[in-house]
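These notes concern the structure reproduced below.
Throughout, read-outs are computed from the coordinates displayed, never taken from laboratory work. All figures in this text were calculated on a predicted structure; none of them were measured in a lab. Here the Cβ is made from the backbone with ideal geometry for all residues, glycine too, and neighbour counts use every protein chain on show.
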Amino acid sequence: MMGRRSLLWIAGCVTTLACASVAVPAAPGLPRLADTRPNAIPVDVELVLAVDVSYSMDPDEQALQREGYRLALTSKEFLNALREGRYGKIAVTYIEWASENDQKIVMPWRLIDGPEAADAVSAELGRAPYRRASRTSIAGGLRFARSLFDTSGFHGLRRVIDVSGDGTNNSGPLIVPTRDETVAAGITINGLPILLKRPFAGSMDIENLDVYYEDCVIGGPGAFMIPIRERGQFIEATRDKLVQEVAAREPAPRPQTISAAAPRISCTIGEKMWHDRWGGYDFR
């Protein structure tokens, strides 16, 4: 696995929330997904906000998740980080994902270059209806998200997919090769794992979803994740994550080698749990 032969950087966050960072170098010679048309608008970051709408996300969690992004985009911390960029502007799109073939663009690419644009984007997200769907395919969400960079209309110094969700991959492609393909294309994947529910017998939840995101989902230069363990953390965690993504602030890392021979968690745990319950999934 690409990341397991690299150093996994466990970093302290700028807040009291736990935060981890991992850097996986892009493979030379592989295509980099980006809009290279001459009329593409230069921005500091092209950011895909990719949120889980599977049935494991209850309506309250969905509302908190959406509200977290809306408030983060209009916060003074975010606007300060925006102004500090080379261009002082970013491009953002908001998508929802569930099963392998269930992804939806809730908000197309939008330019944020100041408070008025940020307010407009926040308001647009607030007007969008909520929905829920079956299965959890983080890999499907990543594949869909990375395709959006090709025709975004923007050309970012960095391209980032921000994945938030409360479960493991249990539908569609395996997560590790999909993660590695995405990183090799020059895209960073950050994570916001939601750990509000305690796993119980018969559920598809796992205790250490943060470790799963750390080892199996995030990747790319400066990649990091912030776990949410309490409902009151949603707004603060989302804001701090967005600020760090826009400002490209990387906390001082502390290297910790992860042995490929002894992974902390199986990256096919979600597929195995689905197979054990319903069958019909070759997760090997």
Under Karplus coefficients 6.51, -1.76 and 1.60, residue-wise ³J(HN,Hα) of the range 165-174 in Hz, glycine/proline x: x, 10, x, 8, 5, 9, 8, x, x, 5
Proximal charge balance of ARG83 [Cβ under 13 Å; K/R count +1, D/E count -1]: -1
Net charge of neighbours whose Cβ lies under 10 Å from the Cβ of TYR69, counting Lys and Arg as +1 and Asp and Glu as -1: +2
Within-15-Å neighbourhood charge of PRO42 [Cβ basis; K, R +1; D, E -1]: +1
Per-peptide average of other Cβ atoms within 10 Å, ordering 45-52, 240-247, 150-157 highest first: 45-52, 240-247, 150-157
